[in-house]
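Peer 1: Before I ask anything, here is the structure I am working with.
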Amino acid sequence: MDCLFCKIIAGEIPSTKVYEDDKVYAFNDINPAAPVHILIIPKVHIASAAEVTAENADIVGHIFEVAAKLAKEKGLDNGYRIVTNCGDDAGQSVHHLHFHLIGGRFLGLKMVED
Ligand code: AMP
Ligand code: ZN
């Protein structure tokens, strides 16, 4: 499958790994929006949040567990944001489910652009 993040998991495209286990991979975003900007992805290919089902939803809980652990490790004690963009209106650019873990500065109060 021609998927950038599947290639990153396979090591075919380089990335800066932050965490890995049998189910998930986490790495630094190449274009960080804040001092900490980590992408946490399932090793299994799921195209987006719209493809989460009763059969594969366990991975989402595990990703949030990893996010909490990484946020503590990175010292994000003052807060952080977890974002997943789904589909064109959200600007999803890589069609492999991923959660942005963003922090290390005040992120603003706006949820979306006007
Ligand atoms: P989204 O726009 O929500 O689909 O997020 C995709 C994210 O992947 C963006 O924040 C990009 O900066 C990031 N990205 C794209 N290519 C790479 C790469 N090769 N390594 C790390 N992050 C990447
Ligand atoms: Zn993929």
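The values are calculated or read from the model by the stated rules, or taken from the named source; none is laboratory data. Since this is a predicted model, take the numbers as computed values, not measurements. Cβ sites come from the backbone with ideal geometry, for glycine too, and all protein chains shown count toward neighbours. The area values use the complete protein model at the heavy-atom level, side chains included, leaving out ligands, DNA and RNA. Shrake-Rupley method; radii C 1.70, N 1.55, O 1.52, S 1.80 Å.
Peer 1: On a 1.4 Å probe surface of the protein chains, which of I102, I13 comes out largest in accessible area, and what is the full order? All intermediate terms of the calculation are to be shown ahead of the outcome.
Peer 2: Details: I102 25, I13 55 Å².
Putting I102, I13 in descending order of accessible area: I13, I102.
Peer 1: Using protein chains only and a probe of 1.4 angstrom, how many square angstrom of L4 are accessible, to the nearest 10?
Peer 2: About 80 Å², rounded to the nearest 10.
Peer 1: Which cysteines does the chain leave without a neighbouring Cys Cβ under 4.7 Å?
Peer 2: Flagged as lacking a Cys partner: C86.
Peer 1: Shifting gears a bit: Tell me whether region 39-114 comes out rounded, prolate or oblate; compute the Cα gyration tensor, take square roots of the eigenvalues as a ≥ b ≥ c, and use a/c under 1.5 as the rounded threshold. Can you show the working numbers first?
Peer 2: Values: a/c = 2.45, a/b = 1.24, b/c = 1.97.
Oblate, since a/c reaches 1.5 and b/c is not below a/b.
Peer 1: What whole-number value in Å² describes the accessible area per residue of the chain for a 1.4 Å probe?
Peer 2: Values: 7030 Å² over 114 residues.
About 62 Å² of surface per residue is accessible.
Peer 1: Check the straight Cα-Cα distances from K7 and name the lysines below 30 Å, setting aside those fewer than 8 residues away within the same chain.
Peer 2: Hits, sequence-local ones excluded: K17, K23, K43, K69, K72, K74.
Peer 1: Could you list which residues have their amide H under 5 Å from that of I46, counting only those 5 or more apart in sequence or on another chain, with H placed in the peptide plane?
Peer 2: Residues meeting the amide H criterion: L97.
Peer 1: Also, quick follow-up: For the chain, what does -39500 (n - 2.57) per DSSP helix run (n ≥ 4), summed and divided by total residues, give at 222 nm, in deg cm²/dmol to the nearest 500?
Peer 2: Working: 2 runs with 23 residues, N = 114.
Helix contribution divided over all residues of the chain: -6000 deg cm²/dmol.
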